[in-house]
1. Which pairs turn up if I take residues in the stretch 34-52 that are β-branched (Val, Ile, Thr) and look for partners that are not in a helix (DSSP H, G or I) with beta carbon separation below 6 Å, at least 6 apart in sequence or on another chain?
2. Out of all the residues in the stretch 390-402, is one or more among the basic types (Lys, Arg), within 17 Å of the chain's Cα centre (by Cα) and either surrounded by 24 or more Cβ atoms within 10 Å (Cβ to Cβ) or modelled with pLDDT under 95 (or both)?
3. Looking only at residues in the stretch 123-143 that are out of contact with any helix residue (DSSP H, G or I) (no Cβ under 7 Å at 6 or more places or on another chain) and assigned to a helix (DSSP H, G or I), which one is nearest to residue 75 (Cα to Cα)?
4. Only one of 366, 377 is buried (at least 17 other Cβ atoms within 10 Å of the Cβ), within 30 Å of residue 168 (Cα to Cα) and at pLDDT below 95. Can you tell me which?
5. Across the stretch 348-379, what is the number of residues that are in contact with a strand residue (DSSP E or B) (Cβ under 8 Å, 6 or more places away or on another chain) and either part of a strand (DSSP E or B) or under 20 Å from residue 459 (Cα atoms) (or both)?
6. Among the listed residues 448, 436, 428, which satisfies the condition of being assigned to a strand (DSSP E or B), over 15 Å from residue 535 (Cα atoms) and either of a type outside the set (Gly, Ala, Ser) or outside the structural domain of residue 316 (by TED's automatic domain parsing) (or both)?
7. Scanning the stretch 525-543 for residues that are over 35 Å from the mean Cα position of the chain (by Cα) and either more than 16 Å from residue 436 (Cβ to Cβ) or in a strand (DSSP E or B) (or both), which turns out modelled with the lowest pLDDT?
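The values are calculated or read from the model by the stated rules, or taken from the named source; none is laboratory data. Everything quoted here is computed from the prediction, not taken from an experiment. When we count neighbours, we look across all protein chains shown, and the Cβ atoms used for this are built from the backbone with ideal geometry, even at glycine.
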Amino acid sequence: MADWLRGARRMVAGLKPVKVPEAPARAFRDLWPGDATRGHRLLRGECEVAGTVRPLTTVEGGGQGWGEGSGSPTWRAAVHGFAWLRDLRALGTDGARLRARDLAADWLAHGAAEPIAAAPEVTGARLSAWLGHWDFLAATAEDGFRHALMVRMAQDARGLVASLPVESRHRGALAALKGALAAAIALNDDGWIARCLRVLPQEIERQILPDGAHVERSPGQLLLAVQDLIEIRNLIHGAGLEAPPHLSLALDRAAPALRLFRHGDGGLTLFNGTRDEGAALVDLVLTQGQARGRAPLILAEAGFQRLQAGRTLVIIDCGPPPEGRVAPGPSGLSRQADRFHHAGTLSFEMSVGRDRLIVNCGAATAAEGPWRDALRATAAHSTLTLADTNSSELREDGLGRRPETVEAERQEANGAQWLDASHDGYRRGFGAVHRRRLYLSESGDDLRGEDAVEGENLPGYAVRFHLHPSVVASLQEEDNAVLLRLPSGASWRLRASRAKLSVEESVFMAGEPRRTSQVVLTAEAGTPSVQWALSRVNLPNPVKGEE
């Protein structure tokens with residue numbers, strides 16, 4: 001019924017004429033930095049989205065970058081959303097400006113009719129990008145090009161405003177609302193502005209959980225959502241309008257939550273589709289958001305825990321995946337909150353000072369299915385994998401079978417911290433529960449763990465610790481241990497009992513793909529638990545000439 005009413009509103013809106021000014025009534029400026037490296041790739045006819053590089057050239061240049069066969073739905077959504085304008089602007093050259101206009105003109109002629117271009121989240125992103133880069137893209141362009149952009153903008157805005165609220169249960173709905181509001185202000189339509197402001201409070205409540213985390217349980221999506229909220233706040237204030245109190249309250253909750261996910265180097269943990277965009281961007285977002293408050297230790301609704309002592313930091317995913325089971329949209333884009341979710345329940349990451357030690361493998365959200373899902377698999381996370389089976393079933397648009405009960409209990413005494421967590425993702429099929437117990441000493445120099453599988457007729461399992469590429473691992477077979485050397489010169493030793501310890505190859509996908517290693521504890525069938533310890537060790541300085 002909701003989709004039918006939304007479609008009816010769009011149909012009625014399409015019958016009404018819309019005024020098309022010569023230029024936006026109000027100037028906007030995109031707040032966020034682009035990437036000059038990606039900009040140079042665009043000049044060469046390639047577009048990078050979340051680490052996936054595909055051709056993007058005009059039809060006259062022989063390109064097919066707008067059609068269905070050009071890439072995955074996520075890659076195509078970003079391309080049709082014009083997020084790449086930020087990267088061309090970062091170059092700051094006339095060649096980059098002309099390239100942006102050539103691609104925009106080609107899209108108007110050959111890409112605008114693609115179904116994915118009309119998806120609300122894509123339309124909203126495109127409107128925000130055009131308006132945020134108007135001076136770069138169109139201010140000095142020919143009249144015909146500017147008029148074509150304004151006409152398309154007015155048409156898109158009319159349909160998008162009529163479709164509010166968007167039914168996608170993820171950040172795409174917030175991006176759609178932001179784009180609709182930007183276009184409504186730029187086109188000076190009071191009715192559209194009023195509708196956007198009326199929808200805003202309920203959308204904020206859908207997006208930001210009471211603990212400040214994002215509904216998708218992804219640090220990366222939380223970062224983007226905070227950026228959206230900052231832009232919406234600036235749009236409202238710039239137009240001299242009064243923002244609903246929900247907006248400032250959401251920013252006050254979300255900024256501290258974002259801090260929980262920061263490693264010692266300032267970047268984000270790699271949970272649920274997150275790719276590390278670097279500390280500088282996170283700092284900028286927190287500054288623009290006028291963020292106050294320290295990082296919490298617990299996000300109760302989202303289910304994340306932060307253990308910290310001395311220079312050691314451990315961040316653990318202790319929550320169930322968000323609700324799924326929403327019919328996909330006509331564009332092929334998922335409308336589920338678990339669209340990028342990984343099968344990484346009870347995985348953790350660990351850093352010591354500015355050095356990352358234990359990580360998850362990262363994400364390739366815009367890649368084709370096999371490579372994307374390899375990084376979503378349980379084995380790509382620092383946790384236990386039972387019988388080479390994912391703890392959640394991976395599907396194209398989200399998750400199928402998943403943990404339904406995820407519990408965590410935390411205790412602290414004299415600076416030491418204990419965490420006892422469990423999930424039932426293996427109950428179906430194996431009748432088993434994974435329980436992970438962690439202990440962090442008051443000095444931060446000793447992290448101990450026990451991974452148990454509770455059930456009958458237990459198959460074998462593996463406990464993985466993926467290492468950051470900067471960590472050098474040396475196997476010590478006689479002690480069933482591995483020595484880990486960090487860039488700072490500090491050394492840690494990982495020891496295990498009741499399991500065979502080995503060092504194997506792995507991959508790290510925070511930015512460019514990088515080779516790395518993983519420590520694997522392999523337990524035979526019937527083994528009830530594996531115990532392990534990560535301890536800092538003081539090694540003697542090497543004698544000169546023996547390094």
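1. So the pair list comes out as 49/366; 52/366; 52/367.
2. Of the stretch 390-402, the ones among the basic types (Lys, Arg) are 395, 401-402.
From what's left, within 17 Å of the chain's Cα centre (by Cα): none.
No - not one qualifying residue is present in the stretch 390-402.
3. Top of the filtered list is 132.
4. 366
5. The qualifying residues number 13.
6. Numbers: 448 fails: over 15 Å from residue 535 (Cα atoms); 428 fails: assigned to a strand (DSSP E or B).
Exactly one of 448, 436, 428 is assigned to a strand (DSSP E or B), over 15 Å from residue 535 (Cα atoms) and either of a type outside the set (Gly, Ala, Ser) or outside the structural domain of residue 316 (by TED's automatic domain parsing) (or both), namely 436.
7. Filtering first and then ranking leaves 543.
Yes or no, residue by residue, for (1) within 13 Å of residue 125 (Cβ to Cβ); (2) assigned to a loop (DSSP other than H, G, I, E, B):
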position: 53; (1), (2): no, no
position: 64; (1), (2): no, yes
position: 69; (1), (2): no, no
position: 74; (1), (2): yes, no
position: 86; (1), (2): yes, no
position: 89; (1), (2): no, no
position: 97; (1), (2): no, no
